[in-house]
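Novice: First, the structure itself, so that you have it in front of you.
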Amino acid sequence: MNITVIGCGRWGSFITWYLNKIGHQVTLYGRSSSKHMQEFFRTRSNGLITLEETVTLTSDLTAVNNSDIIVISVNSQGLKPLMEEIKEVRNKTVVLCMKGIEIGTGKRLSEIAGEAMDTSNKVAVWLGPGHVQEYLSNIPNCMVIDSEEDEVKERLVREFSSDLIRFYYGCDLIGNEVGAAAKNVIGIAAGMLDGLGLTTLKGALMSRGTREIARLIKAMGGNELSAYGLCHLGDYQATVFSEFSHNRKFGECFVKGESYGDLAEGYYTVRALTELSESYQAELPICQAVFEILYENKDIKTILEQLFARNLKNEF
């Protein structure tokens, strides 16, 4: 199968490596100004992943025209302008390998992609736990493919599955997308607890976090049980505990007053979630606490005291 991957960051380059490894013809696209792409052109490596010569490298976005499948792994807030650049494509399957919610509109990423393209195209999402470093060490994991169309899910699960990644069929696009995006916010909160030496509170964080995201999913018309699946609770191990989690590390660095240069999607997602909380009248105390710390510069210890002093009668 001919596949173009858009996005040459850590996850996009891994997807390229993985899809090539399981036998697909893969092209990796990155902008010519990207330092990551420049390094791939020079060495075919980013220091973590080395791409085989069978992978085509390009900075020409028209490569998508020759593909059956377009896999996208970019900053979630940059999806809309990217979709404008490829909106003329026809009869493609677009797979979004990213987690986020658009600030200002509250739209899920599949909505953004679907609205931008011709109806001859199909949209799916690739979500769930896993870190590049673990996959490269041949440690297997399970992930989810979801779409509004069963035929698309069946095709992608069949084509993308291997001994390294077992894919499950998603059955709740709203719940899986919202849950996947929201787990990054819980990851930031977990990192803050780590940074304060309060790792023991992660049990309460996980149970309460899952419950509040379940409330939001239900309010948005999804299945609240999706919060307990692979895309949210099932991704906590990789996000809340792992040394490789960008969001957890960002939260830890933030409370320690240290800079963190890598992308932490939860920083943007928490702003979108607080907007959705207001729109759907769904109480999200952990997300609200993270938002107040990151965006309103409120004292983290005061916010945590207030959060864990809440009346928990209806929380669990």
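The values are calculated or read from the model by the stated rules, or taken from the named source; none is laboratory data. What you are looking at is a predicted structure, and each value in this text was computed from that prediction instead of being measured. No Cβ is skipped: glycine too gets one built from the backbone with ideal geometry, and neighbour counts run over all protein chains shown. Please note that ligands, DNA and RNA were not included when accessible areas were found on the heavy atoms of the full protein model with its side chains. Shrake-Rupley method; radii C 1.70, N 1.55, O 1.52, S 1.80 Å.
Novice: Residues 203, 191, 197, 187: which one is under 19 Å from residue 304 (Cβ atoms) and outside any helix (DSSP H, G or I)?
Specialist: 197 is the lone residue from the list that is under 19 Å from residue 304 (Cβ atoms) and outside any helix (DSSP H, G or I).
Novice: If you don't mind, there's one more thing I want to ask. As an exercise: evaluate residue 49 against (1) in contact with a Gly (Cβ under 9 Å, 6 or more places away or on another chain); (2) open to solvent by less than 70 Å² (accessible area, probe 1.4 Å) and give the number of the one condition it does not meet.
Specialist: (1)
Novice: Using beta carbons and a limit of 6 Å, which pairs, at least six apart or on different chains, have the first residue in region 152-174 and more than 26 Å from residue 139 (Cβ to Cβ) and the second one open to solvent by 90 Å² or more (accessible area, probe 1.4 Å) and part of a helix (DSSP H, G or I)?
Specialist: Within 6 Å, no pair qualifies.
Novice: Touching a Phe, Trp or Tyr at 6+ places or on another chain (Cβ under 6 Å), surrounded by 20 or more Cβ atoms within 10 Å (Cβ to Cβ) and at pLDDT 95 or above: does that describe residue 15?
Specialist: Criteria not met by residue 15.
Novice: Which members of region 182-197 meet the condition of being more than 19 Å from residue 279 (Cα to Cα) and buried (at least 17 other Cβ atoms within 10 Å of the Cβ)?
Specialist: The answer is 183, 184, 186, 187, 188, 189, 190, 191, 192, 193, 194, 195.
The rows are residues; the columns are (1) under 22 Å from residue 196 (Cβ atoms); (2) more than 18 Å from the chain's Cα centre (by Cα); (3) surrounded by fewer than 17 Cβ atoms within 10 Å (Cβ to Cβ); (4) not β-branched (Val, Ile, Thr).
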position	(1), (2), (3), (4)
251	yes, no, no, yes
255	yes, yes, no, no
259	yes, yes, yes, yes
268	no, no, no, yes
271	no, no, no, yes
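Novice: Here is a further query. I'm checking my understanding of the structure. Among residues of region 57-94 that are under 22 Å from the mean Cα position of the chain (by Cα) and without any contact (Cβ under 8 Å) to a residue 24 or more places away in the chain, which one is surrounded by the fewest Cβ atoms within 10 Å (Cβ to Cβ)?
Specialist: This residue is 81.
Novice: Can you pull out every residue in region 215-249 that is open to solvent by 30 Å² or more (accessible area, probe 1.4 Å), outside any helix (DSSP H, G or I) and among the polar types (S, T, N, Q)?
Specialist: Scanning region 215-249 gives a single hit, 223.
Novice: For region 273-308, which residues satisfy the criterion of being open to solvent by 80 Å² or more (accessible area, probe 1.4 Å) and either within 20 Å of residue 204 (Cα to Cα) or not acidic (Asp, Glu) (or both)?
Specialist: Selection gives 279, 280, 281, 283, 297, 298, 301, 305, 306.
Novice: Exactly one condition in (1) open to solvent by 10 Å² or more (accessible area, probe 1.4 Å); (2) under 30 Å from residue 142 (Cβ atoms); (3) at pLDDT 95 or above is not met by residue 212; state its number.
Specialist: Result: residue 212 passes all but (1).
Novice: Here's another thing I want to ask about it. Filter region 141-181 down to the residues that are open to solvent by 80 Å² or more (accessible area, probe 1.4 Å) and either in a strand (DSSP E or B) or closer than 18 Å to residue 236 by Cα (or both) and list them by number.
Specialist: Restricting attention to region 141-181, the residues satisfying the condition of being open to solvent by 80 Å² or more (accessible area, probe 1.4 Å) are 148, 150-151, 154, 158, 163, 166, 168-169, 171.
Those that are open to solvent by 80 Å² or more (accessible area, probe 1.4 Å) and either in a strand (DSSP E or B) or closer than 18 Å to residue 236 by Cα (or both): 166, 168, 169.
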